[in-house]
Amino acid sequence: MPKANGLHHLAISTADIKKQIEFFSDVLGMELVALYWMHGVEGAFHGFLKLHDTASVAFVQRPENAKIKPQIGVSHAQNPTAPCAPGTMQHVAFNVDTEADLLAMRDRIRSRGIQIIGPLDHGFCKSIYFAGLENLSLEISTSSEPIDARAWIDPEVVGLAGISASELERYKSPAAYAGKGGAVKQPPRDPAKPNQVWPDNFQVVFDWPDEKVTATLSQNEPPVKVADEAPVARSA
């Protein structure tokens, strides 16, 4: 059954992409693997820092970003327990494989002069917590085994969330879907469904055939030409 199976990239807005690259490379040890003009967005930089070969933390810097004032409790949570507006990122947790790695990351972060608490043992994972630039609330976690839904789905919270018994079973075991090879047509715009906000003159794109969207909007050439070499083996 096709389903999302991991993080490809988490895109975060920034007013200073250089400072974010410095923080994530120095404090967290992530490698910068891409930095280029964001495709189709005039004046915007896009940067990717590697988690592994198919997962990254990405930053988007647009000229307008510096003019938008962050508001704690609206655009950002103050800490990983605090409120913020629906649809905004409350916090992000990065994974390491072992508790020894978790402690090593705590050492690295503290060695850069940044306060951090933990590990806290949450039962299915252990986590450390610290702040990033531009009011980001960050976490690093490790799990020794998969989450056991039988132990970690609380019937009280299920009820308070308004989830019925039949809905719970559906959420725990989503219906299988094999796909139709990409043959499902674009549905008409439905205001009752989630819709991204685009300029009015862009909305016509949703009416284009998929082949036209791909052919017209794709930009797959890297900004730097690299001489042909032997393929690099993918690492875990």
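The values are calculated or read from the model by the stated rules, or taken from the named source; none is laboratory data. Everything numeric here is computed off the predicted structure, so don't read it as measured data. Ideal geometry is used to build each Cβ from the backbone, glycine not excepted, and the neighbour counts take in all protein chains shown. Heads up: the accessible areas ignore ligands, DNA and RNA and are worked out on the full protein's heavy atoms, side chains in. Shrake-Rupley method; radii C 1.70, N 1.55, O 1.52, S 1.80 Å.
A few comments on the model shown:
- Checking (i) 12.0; (ii) 17.6; (iii) 14.6 against mean projected area of the Cα convex hull in nm² calculated from these atoms, the matching label is (ii).
- Pairwise centroid distance, computed over Cα atoms, of segment 58-123 with segment 25-49, Å: 18 Å
- Beta bridges by DSSP in segment 60-163, antiparallel share as percent, to the nearest 5: 65 percent
- Segment 98-195 shape via C-alpha gyration tensor axes, a/c threshold 1.5: prolate
- Comparing Ala161, Ala100, Ala15 in a Gaussian network model of the chain where C-alpha atoms under 10 Å apart are linked, the largest mean-square fluctuation is found at Ala161.
- Computed over the chain, the per-residue total of -39500 (n - 2.57) for DSSP H runs of n ≥ 4 gives a 222 nm mean residue ellipticity of -5500 deg cm²/dmol, rounded to 500.
- For Ala34, distant residues with modelled amide H under 5 Å away: Phe48
- Dipole of segment 92-236, positive direction: furthest Cα of Tyr171, Ala131, Pro199, with charges on the beta-carbon: Pro199
- Phi to ³J(HN,Hα) by Karplus 6.51 cos²θ - 1.76 cosθ + 1.60 over segment 131-136, Hz, x for Gly, Pro: 9, x, 5, 6, 6, 5
- For the chain, the solvent-accessible area of protein heavy atoms averages 73 Å² per residue (probe radius 1.4 Å; ligands and nucleic acids excluded).
- From phi via Karplus (6.51, -1.76, 1.60), per-residue ³J(HN,Hα) for segment 173-179 in Hz, x at Gly/Pro: 9, x, 4, 5, 8, 8, x
- Distant-in-sequence amide contacts of Ile12, defined by a placed amide H-H separation under 5 Å and a gap of 5 or more residues or a different chain, comprise Ala58, Phe59, Val60.
- Reachable aspartates and glutamates from Lys50, criterion Cα separation under 19 angstrom, eight or more residues apart if same chain: Asp16, Glu22, Asp26, Glu31, Asp97, Asp101, Glu139
- Of the whole protein surface, Arg110 contributes about 110 Å² of accessible area at a 1.4 Å probe radius.
- Here the chain carries DSSP beta bridges of which approximately 70% are antiparallel, counting only pairs with both residues inside.
- Candidates Asn201, Asn220, Asn79: whichever shows maximal mean-square fluctuation once the chain is modelled as a Gaussian network with Cα springs under 10 Å: Asn201
- Glu99 accessible area, assembled protein chains, probe 1.4 Å, Å²: 80 Å²
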